[in-house]
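Values in this text are rule-based calculations from the coordinates and carry no lab data. As the structure is a computational prediction, the values presented were derived from the model and not from experiment. No Cβ is skipped: glycine too gets one built from the backbone with ideal geometry, and neighbour counts run over all protein chains shown.
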Amino acid sequence: MKEFNSFGAFARHLERLAIEGPVVKHFAADKAAEEIQKTAQGMIGDYQDAVGPYVAWEELADRTKSERVAAGYSDNDPGYRSGAMRKSIERKVEGGEAVVGSNDQDLVWFDLGTTKQPPRPVLGPAAIHSKRRVQEIIGATVFAWLAGRGWRRPRLKP
């Protein structure tokens, strides 16, 4: 832990914290959003169990599997064809707030379902699955920042 040999040194430390604060918040929000983004991208193509308020993914219909094979794709990787939907999941960070989402209408239909397709939620479950890791990222970053250590590379558990 950082020690101070005078009130002046402590005051300078507090001043540095105040100046760095917005940058640290942005950094932590970006790293947390990156974790959720990667988790969401990794979910596409693999059946998911129910989590929180989100339902488990139903098996693809036999007709869908046949259509996928006819189009040159694997028969049973829900949501994954060319990789475009996976790649469409992005993050945006402004200040200390982050958003993870997609502008791909196919992902909206996939996530929420349609009259012909059951919902296969991605973004909400990704946030739930990432919760522990996001807490570690934010906690380690803030602790390193307050302690005067390298917060851009906080010590995280493997």
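Direction-averaged shadow area of the convex hull around the Cα atoms of the range 66-105, nm²?
Numbers: hull surface 13.6 nm².
Taking the Cα atoms of the range 66-105, their convex hull projects to 3.4 nm² on average.
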Here the gain from full extension of Asp75 to Asp62, 0.36 nm per residue of separation minus their alpha-carbon distance, amounts to 3.8 nm
Cα-only Rg/Rh for the chain with Kirkwood Rh rounds to 1.16
Taking a crude spin-label model, label points 7 Å out from Cα along the C-beta direction, the Arg152 to Glu94 distance in nm is 2.6
The answer for GluC sites (Glu not before Pro) in the range 1-94 that fall in a DSSP coil and have at most 13 neighbouring Cβ atoms within 10 Å is Glu3, Glu58, Glu59
Across the chain, qualifying lysine pairs (alpha carbons under 25 Å, at least 8 places apart or different chains) come out at 21
Expressed in nanometres to one decimal, the distance between label points 7 Å along Cα→Cβ at Leu17 and Val51 is 3.4
Taking the alpha-carbon centre of each part, the distance from the range 75-101 to the range 49-70 in Å is 18
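Taking the Cα centre of the chain as origin and charging only Cβ (+1 Lys, Arg; -1 Asp, Glu), how large is the dipole, in debye to the nearest 20?
Working: 24 positive and 21 negative charges, 150 e Å.
Around 720 debye, computed over the chain.
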For the pair Lys131 and Ser82, the simple spin-label estimate (label points 7 Å beyond Cα toward Cβ) gives in nm 3.7
Counting only residues 5 or more apart in sequence or on a different chain, those whose built amide H sits under 5 Å from that of Arg120 are Asp111, Leu112, Gly113
For the chain, averaging the sequence separation of alpha carbon pairs under 8 Å that lie six or more residues apart and dividing by its residue count, the contact order in percent is 30
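Among all helices in the chain defined by DSSP H, which have a length of 20 Å or more along the axis from Cα atoms plus a Kyte-Doolittle mean of at least -1.0? Mind dumping the intermediate values first?
Numbers: long enough: 7-43 (51 Å, -0.15); 123-146 (31 Å, 0.48).
Length and hydropathy pass: 7-43, 123-146.
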